[in-house]
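*Asks:* Below you will find the structure I want to go over with you.
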Amino acid sequence: MESKLRSLEDTHSQNLATVFSQHSKEIEEIKANASKLKEGGTNEAAHQELQMLQQAMDDTMQELAEQQRAIEKEAEKRVHRLVDTLLKVSTDRLHEFVFSLESPVYSNTDIPTAEYLSILLERVSHLSTQFSTSMTDYIADNMRGENESGLIKILIEFTDSIGNLFSNVKAVLRDRKDDVQEILVEGSKDLAHMVELFFESMLSNHLSEMNIEESTDRVITGNINVQEVLQSLMQVVEVFRDPGRASVSSDELGSILDKELANTQAAVEKAAGLLDSMSTRHKLKVQEDGSLEVNEAIISCASAIINAVRLLLKACMEAQEEIVSRGKGSMSRALFYKKNNRWTEGLISASKQVAYATGILIRMADGVLAGTSSSEELIVASNEVASATAQLVSSSRVKSDLMSQSHLNLEDASRKVTSSCKMLVTKVRSLLLPDDSYNTVDYSQLTAHENRTAELEQQVEILKLESALSHARKRLGDIRKFSYKDEES
């Protein structure tokens, strides 16, 4: 759209210059003729012709200037309509986020930690401030379209961050049925409502009635209101933290993060060593039961996951160092971590989960090969690795430069982990899980009474399974309330 508007302006300017040059040339010719006539005597007709041409040129210049202003005005209106449309679309998406939050249908299967939720809240806070800054620049330019590209980009990112937050809040609520659940839901709805009011107040028909100072004050007020709701939500999220968790000084966060990342690397290398020994051990046993295909498939897929996690950790550490060096400015490294303590705590928590999940994966793989663990346990372990690495990447992404090479490497490594985990699950299901086929019954041969009886029996079986699933989810929720305690190594 910008290129089209510039093209129109350039064309109009060229036309204006051509007309101006043409009229100037005519006036110069008339002036020259008038000068010659004056030497020979007065020529009233030539003088009048000169005045008429001058007036015609002035009228043409005024008409062209009015056309130029009309084009600029139309360009401004187009930009206003574009920004207004995106604000309204973002508002509609907020409504969808709230609906999804309250919907009984489950979506996100991963349960985030309190630290991870804090990071997501911090990202929403950061993007709200960035949106306010971009909006202020847009207003300072009289909303003429010079700064709308950055505004549109940050508006989309801001809205997406709220959707991501709500998805993870819903995952937490799924396994928690208490007063905190209601508070968290209401707090999330308050956030969506406040952001909606913020967006609506930025529509051009509201801002056009104000001067630049009044419009800027409205932007600042909108951001402050959003930040207040976010702070309230952060206090609610603190309830999800383990109350018995040892408090950590903010001054120590940097060294603790380095330690945990090193521990995670060590855990992955240990898992790789165990995988090598498993490969040798189970190859010796393969002659007895003929399960070479199963053994090799599981070990190969587990090895691919370990290698992908190695690359992920390397990319994560590189991205982390880039974030620190870019963001700390004149601050020390320790002070940067202290200032961004929520982000740092989120990285520490996510790193621990990667180490834990990787160890579980190898133990489950060994158990499946030895016949002491089930295929379902191995699938769950693989999903845990994918979930833990996803939270580690998301934690790092909060402060990453999305176009930097280190961040692109991190995203690529994350995709490899996800792909490797999916491959393991697919292999396990195809090689180890029993065939879902069953003895089919030709229901067309049954009487109406027999069909009805079979239908009722199937409904009873489904209800029993749903009840068992509901109880299992409740137990899982109770377990997860205490599953993120800090462990002393």
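*Asks:* Assigned by TED's automatic domain parsing to the domain that holds Ser404, in contact (Cβ under 8 Å) with a residue 40 or more places away in the chain, closer than 18 Å to Asn263 by Cα and touching a helix residue (DSSP H, G or I) at 6+ places or on another chain (Cβ under 6 Å): is that true of Gln391 in this structure?
*Replies:* When the stated conditions are applied, Gln391 passes them.
*Asks:* For Tyr337, all conditions in the list (1) under 25 Å from Met234 (Cβ atoms); (2) surrounded by fewer than 23 Cβ atoms within 10 Å (Cβ to Cβ); (3) of a type in the set (Ser, Thr, Tyr) hold save one; what is the number of the exception?
*Replies:* (2)
*Asks:* Report yes if Asn223 is assigned by TED's automatic domain parsing to the domain that holds Val83, surrounded by fewer than 17 Cβ atoms within 10 Å (Cβ to Cβ), at pLDDT 80 or above and out of contact with any Cys (no Cβ under 9 Å at 6 or more places or on another chain), otherwise no.
*Replies:* No, not satisfied.
*Asks:* So which of Leu82, Leu94, Leu86 ends up being more than 27 Å from Val239 (Cα to Cα), touching a helix residue (DSSP H, G or I) at 6+ places or on another chain (Cβ under 8 Å), at pLDDT 80 or above and assigned by TED's automatic domain parsing to the domain that holds Leu165?
*Replies:* Answer to the selection: Leu86.
*Asks:* Hey, Cys421 hits all of (1) over 30 Å from Ile299 (Cα atoms); (2) of a type outside the set (S, T, N, Q); (3) modelled with pLDDT of 85 or more but one; which does it fall short on?
*Replies:* Just one mismatch for Cys421, condition (1).
*Asks:* For Glu345, indicate whether it is within 27 Å of the chain's Cα centre (by Cα), closer than 22 Å to Val398 by Cβ and at pLDDT 80 or above.
*Replies:* no
*Asks:* When the residues of the stretch 128-150 are filtered to those that are of a type in the set (A, V, I, L, M) and surrounded by 20 or more Cβ atoms within 10 Å (Cβ to Cβ), which remaining residue is modelled with the lowest pLDDT?
*Replies:* Per the criteria, the residue is Met143.
*Asks:* Restricting to helices (runs of 4 or more DSSP H) lying wholly in the stretch 288-389: which have 2 or more residues that are closer than 26 Å to Leu275 by Cβ and touching a Lys or Arg at 6+ places or on another chain (Cβ under 8 Å)?
*Replies:* Answer list for the stretch 288-389: 292-327.
*Asks:* Could you list, in sequence order, the residues of the stretch 183-230 that are within 14 Å of Val83 (Cβ to Cβ) and outside any helix (DSSP H, G or I)?
*Replies:* Met202, Leu203, Ser208
The values are calculated or read from the model by the stated rules, or taken from the named source; none is laboratory data. This is a predicted model, so every value here is computed, not measured. Glycine also receives a Cβ, built like all others from the backbone with ideal geometry; neighbour counts cover every protein chain displayed.
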